[in-house]
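Peer 1: My structure is below; once you've seen it, I'll send some questions.
The values are calculated or read from the model by the stated rules, or taken from the named source; none is laboratory data. Since this is a predicted model, take the numbers as computed values, not measurements. Ideal geometry is used to build each Cβ from the backbone, glycine not excepted, and the neighbour counts take in all protein chains shown. Ligands, DNA and RNA are excluded from the accessible area calculation, which covers all protein heavy atoms including side chains. Shrake-Rupley method; radii C 1.70, N 1.55, O 1.52, S 1.80 Å.
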Amino acid sequence: MKNYPAIGIRPIVDSRRLGIRDALEGKVREMAQSAKKLIEENVFYADGTPVRVVIFSGSIAGGEEAARCEAQFAAEHVTATLSVTPSWCYPLETIDMNPLTIKAIWGFNGTERPGAVYLASAMAAHNQMRRPCFSIYGRDVQDMEEQEIPKDVQEKILRFARCAVAAGEMQNKSYVGFGAVSMGIMGSFLDPAFYAQYLGMRSEWVDMTEILRRMDLGIYDQEEYKEALTWVYANCKEGCDPNPDERAHSRGQKDEEWEFVVKMTMIIRDIMLGNEKLAGMGFAEEALGRNGLFGGFQGQRMWTDYKPNADFTEAILNSSFDWNGKRQPLVFATENDNLNGLSMLFGNLLTGKASGFSDVRCYWSPEAVKRVTNWEPEGKAAEGFIHLINSGSTCLDASGKAKDEAGKGVMKPWWEMKEEDIRACLDATDWCPAELCQFRGGGYSSHFKTDAEMPLTMVRVNLVDGLGPVMQIAEGWSIVLPEDVHHKIDIRTDRTWPTTWFVPRTNGKKAFRDVYSVMANWGANHGAFIHGHVGADLITLSSMLRIPVTMHNVDEEKIFRPHVWASFGTNDLEAADREACRAFGPLYR
């Protein structure tokens, strides 16, 4: 079900008549319209639709008008509010009291009417009544007649809007887990209380045999399957077979595996999202889907010892295109690691781009690189790098073959992908038959290298007993190694899997003292990566969801959290964040 969360703008004015309120109505409406325009032109839902912004039909000067605003917003599916005011107003009578909306106030920095005084008083009210709120206040004094939103205010409004919409898009959606725990990986354990209380989401479990049932009974679009298989044979070239001849599958077996994994991809998509065509085939229940926002597949080992693995399915669903052309990535976690899938989802919701899933496999020190390859690491690789690799689940966008206007390799919002971008990503990828010691049932893994130096943000959500959910963030870059160096160290792991060489930005301090320390402090075997340096957005989103960030390398001046967080300390911001999240608890409890 598609139900877009909206941002509601609440124009707030001084209630006093005889010239005061009348003089403010025009200015506050102007502020509201400017904020609406700014958000609608720059913030998008994950499907590429501009974010819907609703302005209260009147102005709010007291409790009656605040209640009318709340009623209007309830009907408009408003999940976050931005209150705007150029003047002093009465805080307790005008603030947003809904405990479930995410809140911000923009107080105009002018001297004619003290909007900043209202902002400070309103923050005190929010803080005392357990209603965290973001404070937006320009650095420079403006004249009342100025219409332009200052750059620093724009940045905060847009960050608030992007993150609030991301939080809103998760509400009442589902994580669809296929199977159970993979190979004892704790991130595969699906904790429904966490999803319900922190994200407002449902947890859905689907036995992997449902895929086989739909295959056997033909519960998929037969025409689309023919088109998809034709597209795969035309665009997905096979790579090297790592198996010795006596163990390798025959050509006939490999063709059957291609048919199987294409059907599996369509069926998993239909289970998650639904497919109206199934209703016309007599499968009304199956046509509904599971209201899935993202999901994951157990695979190993019970399934992969018996049937083809899901590497192709995971890679294609996570990418920004398939046989139907460009389309919104459907975040899908390998090994059913829903916590890494959630990390990928955060990136997708904030940027509209595909997210990468990888093992955080190992740290290559300069000394180890020199010993193995006889090459002295230089440039961004001088302190060493981290090998991000997994068995084919990484999105094809991570090849870095899409180009921006300057010709640089990038990962784009899916709606900006061009035919030549899709073609380049496909050409850079081959599909290697599965190594049959690991995947006895066969299958195909995407194989490429990230062939561009791009800004990336690595992120991971972990659950810690006694602490709850925590987030780790590491901004950095993908790097491109000399081809012979890449080959020598890549084949030591698996020559049939996709590789990204990642260098986090270090600062000589604590977990970011050096590249080794980032690897040593990472909280799990998996990590997600997102194109761009989006750590500041992730920090803001985490504060909205009450998930503390325990490790990051984001510049302090970019950190934007609810105003009340400062009451928990301003010296050690990580500790303050942790205590504030603990004090306020999950957003949906």
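Peer 1: Can you give me the three principal axis dimensions of segment 80-132 from its C-alpha atoms, in Å, biggest first?
Peer 2: Between the extreme Cα coordinates on each principal axis of segment 80-132 lie 34, 20, 15 Å.
Peer 1: Roll a 1.4 angstrom probe over the protein heavy atoms and tell me the percent of accessible area of segment 174-584 that is carbon or sulfur. Could you put the intermediate results ahead of the total?
Peer 2: On the way: 7580 of 15500 Å².
Of the solvent-accessible surface of segment 174-584, carbon and sulfur hold 49 percent.
Peer 1: Compare the peptides 529-539, 114-124, 252-262 by average per-residue count of other Cβ atoms within 10 angstrom and give them in order, highest first. Before the final figure, lay out the partial values.
Peer 2: Numbers: 529-539: 23.9, 114-124: 20.9, 252-262: 17.1.
With the highest mean Cβ count within 10 Å placed first, the list reads 529-539, 114-124, 252-262.
Peer 1: A further question on this structure: Indicate, rounded to the nearest 5 percent, the antiparallel portion of the DSSP beta bridges found entirely in segment 6-170.
Peer 2: Numbers: 1 of 21 bridges.
Just about 5 percent of them are antiparallel.
Peer 1: So how much slack lies between Asp152 and Met302, counting 0.36 nm per residue of separation and subtracting their Cα-Cα distance, in nm? Working shown, then result.
Peer 2: Working: separation 150, 0.36 × 150 = 54.00 nm, distance 5.33 nm.
This chain segment gains 48.7 nm when fully extended.
Peer 1: Let me ask something else. Just list whichever of Lys237/Lys307; Lys326/Lys401; Lys403/Lys509; Lys353/Lys509; Lys449/Lys509; Lys173/Lys418 have alpha carbons separated by over 24 Å in the model shown.
Peer 2: Details: Lys237/Lys307 21 Å; Lys326/Lys401 15 Å; Lys403/Lys509 35 Å; Lys353/Lys509 31 Å; Lys449/Lys509 31 Å; Lys173/Lys418 30 Å.
Those over the limit are Lys403/Lys509; Lys353/Lys509; Lys449/Lys509; Lys173/Lys418.
Peer 1: Among the listed pairs Lys2/Lys151; Lys380/Lys558; Lys27/Lys151, which are separated by more than 25 Å between their Cα atoms? Spell out each step's value before the answer.
Peer 2: Working: Lys2/Lys151 33 Å; Lys380/Lys558 23 Å; Lys27/Lys151 19 Å.
Pairs exceeding 25 Å: Lys2/Lys151.
Peer 1: Find the accessible area per residue for segment 6-170; the probe is 1.4 Å, ligands and nucleic acids are left out, and the unit is Å².
Peer 2: Numbers: 6640 Å² over 165 residues.
Dividing the accessible area of segment 6-170 by its residue count gives 40 Å².
Peer 1: Using Cα centres only, tell me the gap between segment 398-430 and segment 243-271 in whole Å.
Peer 2: 26
Peer 1: With P(r) over Cα pairs in 10 Å bins from 0, in percent defined as stated, name the option among [x] 3, 11, 12, 14, 18, 18, 13, 8, 4, 0; [y] 3, 17, 26, 24, 16, 9, 3, 1, 0, 0; [z] 3, 17, 27, 28, 17, 6, 1, 0 computed from the structure displayed.
Peer 2: Entry [y].
Peer 1: Check each of the trypsin sites (Lys or Arg not before Pro) in segment 2-80 and keep only those in coil by DSSP with at most 11 other C-beta atoms within 10 angstrom; list them in order.
Peer 2: Filter output for segment 2-80: Lys2, Arg17.
Peer 1: Here's a follow-up. If you rank Thr209, Thr457 by how much accessible surface each has, with a 1.4 Å probe, what is the order from largest down?
Peer 2: Highest to lowest solvent-accessible surface, that is Thr209, Thr457.
Peer 1: Related question: Rolling a 1.4 angstrom probe over the protein chains, ignoring ligands and nucleic acids, what is the accessible area of Met201 in square angstrom, nearest 10?
Peer 2: Surface open to solvent at Met201 totals about 10 Å².
Peer 1: Okay, next question. Could you provide, to the nearest whole Å², the per residue accessible area of segment 174-584 with probe 1.4 Å?
Peer 2: That works out to 38 Å² for each residue.
Peer 1: On to the next question. Please compute the modelled spin-label separation between Glu259 and Ala520, points set 7 Å along Cα→Cβ, answer in nm with one decimal.
Peer 2: So the label points at Ala520 and Glu259 sit 5.4 nm apart.
Peer 1: Trypsin sites (Lys or Arg not before Pro), restricted to segment 379-416: which are DSSP loop and have at most 15 other Cβ atoms within 10 Å? Please report the intermediate quantities before stating the final value.
Peer 2: Details: sites: Lys380, Lys401, Lys403, Lys408; in loops: Lys401, Lys408.
When the trypsin sites (Lys or Arg not before Pro) of segment 379-416 are filtered for loop state and at most 15 Cβ neighbours within 10 Å, Lys408 remain.
Peer 1: Please go through segment 281-327 and write out the chymotrypsin sites (Phe, Trp or Tyr not before Pro) that DSSP classes as loop and that have at most 16 other C-beta atoms within 10 Å. If you can, show how the numbers build up before the last one.
Peer 2: Working: sites: Phe283, Phe294, Phe297, Trp303, Tyr306, Phe312, Phe321, Trp323; in loops: Phe283, Trp303, Tyr306, Trp323.
Sites meeting the loop and neighbour criteria: Tyr306.
Peer 1: A further question on this structure: By per-residue mean of other Cβ atoms within 10 Å, what is the highest-first order of 39-46, 90-97? Walk me through the numbers before you get to the answer.
Peer 2: Numbers: 39-46: 17.9, 90-97: 20.5.
Ranking the peptides 39-46, 90-97 by packing returns 90-97, 39-46.
Peer 1: Please enumerate, by chain and number, the aspartates and glutamates with C-alpha under 12 Å from the C-alpha of Lys254, excluding those fewer than 8 residues away in the same chain.
Peer 2: Those aspartates and glutamates meeting the cut-off are Glu238, Asp241.
Peer 1: Percent relative contact order of the chain, based on C-alpha pairs within less than 8 angstrom and at least six residues apart? Display every interim value, and only then the final one.
Peer 2: On the way: 1314 pairs, mean separation 77.3, N = 589.
Dividing the mean separation by the residue count of the chain yields 13 percent.
Peer 1: Where both residues lie in the chain, what percent of DSSP beta bridges are antiparallel, nearest 5?
Peer 2: Details: 42 of 79 bridges.
Expressed as a percentage, antiparallel bridges in the chain total about 55.
Peer 1: Which percent of the accessible heavy-atom area of segment 6-170 goes to carbon and sulfur, probe 1.4 angstrom? Present the calculation step by step, with values, prior to reporting the outcome.
Peer 2: Numbers: 3420 of 6640 Å².
Carbon and sulfur: 52 percent of the exposed surface of segment 6-170.
Peer 1: Now a separate question. Would you please give the residues with an amide H less than 5 Å from that of Ala402, counting only those at least 5 places away or on a separate chain, with H modeled from the backbone geometry?
Peer 2: Those lying under 5 Å, H to H, from Ala402 are Val410.
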